[in-house]
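Student: Handing you a structure now.
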Amino acid sequence: MDLQALSNLFATTYSPDPNTRKRAELQIRALSKEEGMLPAVMQIIGAEAVDQSIRQSCAVWLKNRVERDYVVGSDTQKPDQTPVSAADRAALKSSLLQLLSTANSRPIRLQLANVLRSMIFRDFPQEWPGYLENVVALLSSQNPQEVYAGLIATVEPIKAFRYRSTSTNLEAITGVTFPLLLQIGQ
């Protein structure tokens, strides 16, 4: 997927001309069904050379796509809904925490945190068994940005599972991360 063309499409969504903007949105919607779109958008979000507004637009699109189509049950799938492919889900899992640690913009970081919460809610722990190890590595880092990403990666699952009384996921997360949080706080 051509990152420059994709970046230009997201830039066009800011066009004052409603026809131009609508065409760009329709092209993005058509491309969203292609495998590889999510990793390409993540590359744009992580590219410091790309304008901040385009990166933020990509982050909002990514959040909406993951919330709407990350895992769709066959009984709840709408006719126009295209589930996120397994390859794109794997790419998200492998690079989202790193992208979160390198994001230097609060609005982008907030969107990525929402993406993370949606993914954790659906995939943790069965489909994302290495998640806690990645969080522990971030929390144990000497790099403040990585520690901050680790804190976000600790809070988002707590938000996802806090009202689920039957879930043991919250205990697993707090049991592993809270001792590290205590060390960070001392």
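The values are calculated or read from the model by the stated rules, or taken from the named source; none is laboratory data. The structure presented is a predicted model; accordingly, all values stated were derived computationally and were not measured. So basically every Cβ, Gly included, is an ideal-geometry build from the backbone, and we count neighbours across all protein chains shown. Side chains included, ligands, DNA and RNA excluded: accessible areas come from the protein's heavy atoms. Shrake-Rupley method; radii C 1.70, N 1.55, O 1.52, S 1.80 Å.
Student: Is there any pair linking a residue in region 30-47 that is within 11 Å of L99 (Cα to Cα) to one that is modelled with pLDDT under 95 and of a type in the set (G, A, S), with Cβ under 6 Å and at least six apart or on different chains, and which?
Tutor: Filtered contacts from region 30-47: no entries.
Student: So which residues in region 13-32 are farther than 23 Å from L110 by Cα, surrounded by 14 or more Cβ atoms within 10 Å (Cβ to Cβ) and of a type outside the set (G, A, S)?
Tutor: Once the filter is applied, which keeps residues that are farther than 23 Å from L110 by Cα, surrounded by 14 or more Cβ atoms within 10 Å (Cβ to Cβ) and of a type outside the set (G, A, S), region 13-32 yields R21, R23, Q27, L31.
Student: How many of the residues in region 124-149 are in a loop (DSSP other than H, G, I, E, B), surrounded by 13 or more Cβ atoms within 10 Å (Cβ to Cβ) and not small (G, A, S)?
Tutor: 4
Student: Can I ask one more? Mind listing just one residue for me: the one in region 50-69 that is open to solvent by 50 Å² or more (accessible area, probe 1.4 Å) and at pLDDT below 95 and, of those, farthest from R29 (Cα to Cα)?
Tutor: Only one residue tops the list, namely E67.
Student: State which residue pairs qualify: first residue closer than 11 Å to N169 by Cβ and inside region 120-143, second residue polar (S, T, N, Q) and open to solvent by 10 Å² or more (accessible area, probe 1.4 Å) in any location, beta carbons under 7 Å apart, and separation of 6 or more residues or different chains.
Tutor: That search, which allows pairs on different chains as well, returns F124/N169; P125/N169.
Student: Cβ-Cβ below 8 Å, separation at least six or inter-chain, first residue in region 7-20 and more than 20 Å from A49 (Cα to Cα), second in a helix (DSSP H, G or I) and open to solvent by less than 40 Å² (accessible area, probe 1.4 Å): which pairs?
Tutor: What qualifies is S15/A24.
Student: To continue, here is another question. Can you report the number of residues in region 70-106 which are within 18 Å of S32 (Cα to Cα), of a type in the set (S, T, N, Q) and open to solvent by 50 Å² or more (accessible area, probe 1.4 Å)?
Tutor: Of the residues in region 70-106, 1 are within 18 Å of S32 (Cα to Cα), of a type in the set (S, T, N, Q) and open to solvent by 50 Å² or more (accessible area, probe 1.4 Å).
Student: From the list R117, R109, pick out the single residue that is open to solvent by 10 Å² or more (accessible area, probe 1.4 Å), among the basic types (K, R) and farther than 30 Å from T166 by Cβ. Give the steps one after another, and end with the answer.
Tutor: Details: R117 fails: farther than 30 Å from T166 by Cβ.
Just a single option satisfies the conditions, and that option is R109.
Student: Quick check: anything in region 36-43 assigned to a loop (DSSP other than H, G, I, E, B) and either crowded, with 16+ Cβ neighbours inside 10 Å or out of contact with any strand residue (DSSP E or B) (no Cβ under 7 Å at 6 or more places or on another chain) (or both)?
Tutor: First, the residues of region 36-43 that are assigned to a loop (DSSP other than H, G, I, E, B): 36.
Filter once more, keeping what is either crowded, with 16+ Cβ neighbours inside 10 Å or out of contact with any strand residue (DSSP E or B) (no Cβ under 7 Å at 6 or more places or on another chain) (or both): 36.
Yes, region 36-43 has at least one match.
Student: Determine which single condition N169 fails, assuming it passes every other condition in (1) touching a residue at least 40 places away in the same chain (Cβ under 8 Å); (2) among the polar types (S, T, N, Q); (3) open to solvent by less than 20 Å² (accessible area, probe 1.4 Å); (4) over 22 Å from G36 (Cα atoms).
Tutor: (3)
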